[in-house]
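J.: The structure's right below; bear with me while I get my questions together.
Each reported figure results from applying straightforward, stated rules to the coordinates on display, with no laboratory input. On a predicted model such as this, the values are computed, not experimentally measured, just so you know. Please note: Cβ atoms are built from the backbone with ideal geometry, for glycine as well, and neighbour counts cover all protein chains shown.
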Amino acid sequence: MTREEALKIFESHRRQWEKIQSRESLIWEDFPWPMFKTPSNPEDLTTAAIHNYVLSPFQPQDRSQKDRIKELIRRWHPDRFGRILSKVKASDREKVDEGGGSVVRVLNDLLHSSE
């Protein structure tokens, strides 16, 4: 993956988070899963794929790695994510909930290993 491709994905994910706040109904595909390749189900949210995204050398350098991980944890934290989850269509809700849980577990492990 080139630097330009990675930066486009990071920017797309930033915009997706903004849109999620104003949308009334959401599905799996609406979420900016922290991976370079869009997952089709929770099983695709692997530790390696999330690590590659979060620890990418192409990440914007305006914040430290630890601060980026903390920001992602805030977004995916069950309390905050739970409010968004209520907007997810019933047919996708369990899948999105499972995916969000997987993401936050990997991010927490990553944060603790970076300390």
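J.: Restricting attention to the range 2-9, does a residue exist that is among the β-branched types (Val, Ile, Thr) and loosely packed, with under 10 Cβ neighbours inside 10 Å? Let's see the steps before the verdict.
T.: Initially, the range 2-9 is screened for residues among the β-branched types (Val, Ile, Thr), giving 2, 9.
With loosely packed, with under 10 Cβ neighbours inside 10 Å added as a condition, the list becomes 2.
Within the range 2-9, one or more residues are among the β-branched types (Val, Ile, Thr) and loosely packed, with under 10 Cβ neighbours inside 10 Å.
J.: Which is touching a strand residue (DSSP E or B) at 6+ places or on another chain (Cβ under 9 Å) and surrounded by fewer than 17 Cβ atoms within 10 Å (Cβ to Cβ), of Ser25, Ser12, Ser40?
T.: Ser25
J.: Could you give me the residue pairs with C-beta distances under 8 Å whose first residue belongs to the range 15-34 and is under 14 Å from Leu72 (Cα atoms), whose second residue is of a type outside the set (Phe, Trp, Tyr) and not in a helix (DSSP H, G or I) wherever it lies, and which are 6+ apart or on separate chains?
T.: Gln16/Pro32; Trp17/Pro32; Trp33/Pro39; Trp33/Leu45
J.: So how many residues does the range 61-81 have that are in contact with a helix residue (DSSP H, G or I) (Cβ under 6 Å, 6 or more places away or on another chain) and either under 13 Å from Ser114 (Cβ atoms) or among the β-branched types (Val, Ile, Thr) (or both)?
T.: Number of matching residues: 4.
J.: Now for a separate question. Consider the range 81-100. How many of its residues are surrounded by 14 or more Cβ atoms within 10 Å (Cβ to Cβ), closer than 18 Å to Glu71 by Cβ and basic (Lys, Arg)?
T.: 0
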